[in-house]
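This report concerns only the one structure given below.
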Amino acid sequence: MSRRPIISVEDMSKLYQIGQFGTGALSSDLKRWWYKVRGKDDPFLVMGETNDRATGGNSNLVWALKDINFDVYEGDVVGLVGKNGAGKSTLLKVLSKVTGPTTGAIKIKGRVASMLEVGTGFHPELTGRENIFLNGTILGMTRKEVASKLDSIVDFAGVARYLDTPTKRYSSGMTVRLAFAVAAHLEPEILLVDEVLAVGDAEFQKKCIGKMGEVSNEGRTIVFVSHNLGSVKRLCKRGILLRNGQVAFQGSVDETLEKYLNSNEWSDNGQQNKITYKEKESLAHFLEIGVENGHGESKPNYRYGEKIQIALKYNIRDEARNLIVGMTLKRNGETIFLTYDTDDNEELTGKRMPGEYSVKINLPNFLKAGIYTVSTIIKEHGNYITRDEKIDAVKFTLEDFNVDTVNKSFHLDKPGIIKPSIQWQFVDYPVTV
Amino acid sequence: MKDKYWDSVITPKVPLIDLRLQEVLNYRDLLYMFVKRDIAQFYKQTVLGPLWFFIQPLLTTIVFTVVFGGMVGIKTDGIPPMLFYLAGITFWNFFSESLNKCATVYKDHQHVFGKVYFPRMVVPLSIVATNMLKLCVQFLLFIVVYIIFIFKGMPIEINGIALLFPILILLTGALGLGLGLMVTAATTKYRDLNFLVTFGVQLIMYITPIIYPLSKVPEKYQIFALINPLTGIVETFKYGFLGGETVFSWMYLLYSTVSTIICLLIGINFFNRTERNFIDVI
């Protein structure tokens, strides 16, 4: 018998009404009814168009999701990627039955738990214990199940001492830990997770991701939405790329991320290899960020071994002290390094004269093939005031056509995030005859 | 052919009447937790705690007894005014609180509803269940006052109709639930209705024999009280426990029952049709 999916989405679409509405509903309802009486098409429904928020539409109805088709099999960990407004969260909401589809069908086998938010339904007046039970039952557990896991939940959250204190007396960190502990002890066949879950301190995020990895290792199915491509890549095996409410690509997570990163939507303004900014009133700000080769030519694609430079121009209006300029390089969404111009040049932390600055940052030659983005920042040292920040401002692609001399199959994707040229020095070896 | 493989199939279609009792039953623990939460939040951090369940209706009864019984001088069918008002208020509070709270279910719970799925019907059911619990506690108060009056020499007029009490509670709860569901479903689309609800509930109170006995209503106005399903229920309760000149008729009760059931079915249908997508428009 062939394997059957445990989630099957068939021709599913979701229509949203955007803009101001509510008070005008009665009049449009009457209009709708009048069209129906005369045997005409619904004047509102026919105008639905694809959801491209950048271009203004003529109608206030928009397809947040259009003709979505995909299957998820047992044990799959699927990452939903796409830019803001592509429909990821809406799709997750429809899957978790928070809102209904406009057309099509979704078929699900097994118990679904959705973690679109941590601590849904927590009531500040109730004690920690009562909230564990309330939150657990909201998420679909029975009281018996919660009771059997109570000790382990309390342990995980580390709130044993405050168990019978109302949660309004908890610190916000404690509340979040308790809420996550409850959610982490769900045992559904299918887990739907939104990235909002990953709001919180770094340690908490790590805990969330770790717990999800654990869940997926137990063979349960996860659908995961995130902008953090690093965690998508780490956690997921399969990927679905949404674009303007439609499935643009589905396949292995690597292929999906590749498609996403190659498309011009990867970040809203990071499509180009050079960007210029208008002058601003602020104390210090960027004027230009670009990627260029050793000859000062700006271009999007580079080869392994080619010299790559990041060219920055920034302006300082008044004499400033303690300014530092930084640059972060990310590969496929994952940070490779962060560098400041003051790292090896302590004098720069002192005074900087007003005027325009132009710098070139030489990238190291050990970068691996991939899609890179450059983020830059100007901030004040000491008080951490950010003067200007451009996240994923420019991008470039690094290709590697060098064929490994021996193991050809590994030439492109050796494990690791960098590809340094390493010297193997033979100290002693037998002499061949 | 229905595919047995899938546990749930989500489509845009909504059946006309679908109680989905099985689903609600699966979430009965959640219902229990909601009731517990609502009861607890009612008196947490108060000095008198659960005593407020008694104090509230008692105070209202005293005010009504003084104002309507004493100052205005409304006759109460030969029933001690205190008992007359207490009986009316106990029922009225149950009905109006169920209705008012159910009418704002979507608004009050939009945050939870927007984040996690469970059968939405659990919430209105828990509201009615909470109020039913309160009613039972308040009924004890009624019994205590009742016994005090018997010791003070009031003739005992309790009769077999009093046994209908559990049914009367269910009918009142169902009526409040049905009307509340209709309102909450309608307000997702037409916000304006919110403003009418307060007025509407007040209006229902005036056409229910709470502060006046039905027997004292002039014949040509009685029709207004009688189209109100609640009238038959309240009058049956008063007749069963207090007798006097209370108007009781099986016809009224039958009318109340039938209209309550119709109300409930319409309410459930409205609610089911809106629960899917209200989160998009609220």
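None of the figures in this text is laboratory data; all of them are computed from the coordinates on show. Just so we're clear, the structure is a prediction, and the values are computed from it rather than from any experiment. Don't worry about glycine lacking a Cβ; one is built from the backbone with ideal geometry, like all the others, and counts go over all protein chains shown.
Between the stretch B:128-143 and the stretch A:327-358, how far is it from one alpha carbon centroid to the other, in angstrom?
70
Per-residue mean of other chain beta-carbon atoms within 10 angstrom of the beta-carbon, peptide B:32-41?
Working: counts 3, 13, 4, 0, 4, 8, 1, 0, 5, 4.
That average works out to 4.
Please give the contour-minus-distance gain from residue B:9 to residue B:144: 0.36 nm per residue of separation, less the Cα-Cα distance, rounded to one decimal in nm.
Length difference between fully extended and current span is 43.3 nm.
Can you compute 3J(HN,Hα) from phi for each residue in the stretch A:332-346, using the Karplus curve 6.51 cos²θ - 1.76 cosθ + 1.60 with θ = phi - 60°, rounded to whole Hz and x for Gly and Pro?
6, x, 9, 5, 9, 7, 10, 10, 10, 5, 8, 3, 10, 9, 5
With a Cα-only, solvent-free Debye model of the stretch A:244-371, what are the log10 I(q)/I(0) values at q = 0.14, 0.22 Å⁻¹?
So the normalised log intensities are -0.77, -1.40.
For each pair in A:237/A:274; A:207/A:233; A:368/A:395; A:274/A:330; A:233/B:115, compute the distance between the two Cα atoms and list the pairs where it is over 24 Å.
Details: A:237/A:274 33 Å; A:207/A:233 17 Å; A:368/A:395 15 Å; A:274/A:330 16 Å; A:233/B:115 26 Å.
Result: A:237/A:274; A:233/B:115 exceed 24 Å.
Considering only the other residues whose Cβ falls under 14 Å of the Cβ of residue A:285, what net charge follows from Lys and Arg at +1 and Asp and Glu at -1?
0
Obtain the nm distance between the two label points defined at residue A:380 and residue A:295 by a simple spin-label model: each point lies 7 Å from its Cα along the Cα-to-C-beta direction.
4.5
On a 0 to 90° scale, report how tilted helix B:28-43 is relative to the longest principal axis of chain B, with both axes built from alpha carbons and the result rounded to the nearest 10.
Result, in degrees: 50.
Can you list the residues, at least 5 places off or on another chain, whose amide H is less than 5 Å from the amide H of residue B:10, using H built in the peptide plane?
Here A:106, A:107, A:108 satisfy the definition.
Quick check: convex hull over the Cα atoms of chain B, volume per residue in Å³, rounded to an integer? Mind dumping the intermediate values first?
Working: hull volume 45.9 nm³, N = 282.
Enclosed volume per residue, from the Cα hull, is 163 Å³.
For chain B, set up a Gaussian network in which alpha carbons nearer than 10 Å are linked by springs, and say which option among B:172, B:130, B:198 fluctuates the most.
It is B:198.
At a Förster distance of 60 Å, what's the computed FRET efficiency of residue B:41 paired with residue B:251, Cβ-Cβ distance as r, to 0.05?
The calculated FRET efficiency here is 0.90.
Would you list B:111, A:295 from fewest to most Cβ contacts within 10 Å? Present the calculation step by step, with values, prior to reporting the outcome.
Numbers: B:111 12, A:295 7.
Least to most surrounded, the residues fall as A:295, B:111.
For the stretch B:36-56 and the stretch A:274-316, what is the centre-to-centre distance using only Cα atoms, to the nearest Å?
Centre-to-centre distance over Cα atoms comes out at 66 Å.
Counting Lys and Arg as +1 and Asp and Glu as -1, what is the net charge of the other residues whose Cβ lies under 12 Å from the Cβ of residue B:10?
So the surrounding residues net to +4.
Once all Cα-Cα distances of the stretch B:87-246 are split into 10 Å bins that start at 0, what whole-number percent is in each one?
For the stretch B:87-246, the pair-distance distribution reads 10, 35, 32, 17, 6, 1.
Between residue A:333 and residues 5 or more places away or on another chain, which pairs have amide H atoms under 5 Å apart, with H built 1.01 Å from N, and which residues are they?
A:373
Measure out, as a whole number of angstrom, how far apart the alpha-carbon centroids of the stretch B:218-252 and the stretch A:124-149 sit.
Each part reduced to its Cα centre gives a spacing of 45 Å.
According to the Kirkwood expression over distinct Cα-Cα pairs, how big is the hydrodynamic radius of the stretch B:1-109, in Å?
Computed over the stretch B:1-109, the radius equals 18.5 Å.
Given the pairs A:259/A:313; A:280/A:360; A:299/A:419, which are separated by over 27 angstrom at their Cα positions?
Violating the 27 Å Cα-Cα cut-off are A:259/A:313.
So how tilted is helix B:193-206 from the main axis of chain B? Cα-based, degrees 0 to 90, rounded to 10.
On a 0 to 90 degree scale, this one is about 30.
Residues with amide H under 5 Å of residue A:115's amide H, sequence separation 5 or more or different chain, H placed in the peptide plane at 1.01 Å from N; which?
A:192, A:193, A:194
Using the beta-carbon distance between residue B:25 and residue B:156 and R0 = 56 Å, what value does 1/(1 + (r/R0)^6) give for FRET efficiency, to the nearest 0.05? Mind dumping the intermediate values first?
Details: r = 42 Å, r/R0 = 0.74.
Once rounded, the FRET efficiency stands at 0.85.
If you take the charge dipole of the protein assembly as shown about its Cα centre, with +1 on Lys and Arg Cβ and -1 on Asp and Glu Cβ, which of A:136, A:222, B:53 is farthest toward its positive end?
B:53
With the contact rule set at Cα under 8 Å and sequence spacing of 6 or more, what percent relative contact order holds for the stretch B:195-278?
Relative CO of the stretch B:195-278 lands at 24 percent.
Would you mind calculating the relative contact order of chain B from Cα pairs under 8 angstrom and at least 6 residues apart, reporting the percent as a whole number?
Numbers: 305 pairs, mean separation 75.6, N = 282.
This gives 27 percent for chain B.
Residues of A:10-16, mean number of Cβ from any other protein chain within 10 Å of their own Cβ, rounded to a whole number?
That average works out to 2.
Please give the peptides A:134-140, A:419-425, A:338-344, A:154-160 ranked by average Cβ packing (other Cβ atoms within 10 Å per residue), highest first, as a rough proxy for protection.
Numbers: A:134-140: 23.3, A:419-425: 7.9, A:338-344: 14.0, A:154-160: 16.3.
The densest-packed peptide leads the list: A:134-140, A:154-160, A:338-344, A:419-425.
Give me the angle, in degrees from 0 to 90, between the Cα long axis of helix B:165-189 and the longest principal axis of the Cα atoms of chain B, rounded to the nearest 10.
With both axes taken from Cα atoms, the answer is about 50 degrees.
Write down Rg/Rh for the protein assembly as shown, rounded to two decimals, with Rg from the C-alpha atoms and Rh from the Kirkwood relation over Cα pairs.
On the way: Rg = 33.8 Å, Rh = 30.8 Å.
Reported Rg/Rh (Cα atoms, Kirkwood Rh): 1.10.
How large is the direction-averaged shadow of the alpha-carbon convex hull of the stretch B:167-282, in nm²? Don't skip to the end; give the middle numbers.
Values: hull surface 31.3 nm².
Computing the convex hull of the Cα atoms and averaging its projections yields 7.8 nm².
With both partners inside the protein assembly as shown, how many of the DSSP beta bridges are antiparallel, as a percent to the nearest 5? Let's see the in-between values first.
Details: 71 of 92 bridges.
That works out to approximately 75 percent antiparallel.
With a point put 7 Å past each Cα toward its Cβ, work out how far residue A:422 is from residue A:69 in nm, to one decimal.
Result: 4.7 nm between the two label points.
Quick one: A:16, B:5, B:32, fewest Cβ neighbours within 10 Å first, how do they rank?
Ranking A:16, B:5, B:32 by Cβ neighbours within 10 Å, fewest first, gives B:5, B:32, A:16.
Counting only other chains, and only Cβ atoms inside 10 Å, what mean value do you get across the residues of B:113-122?
6
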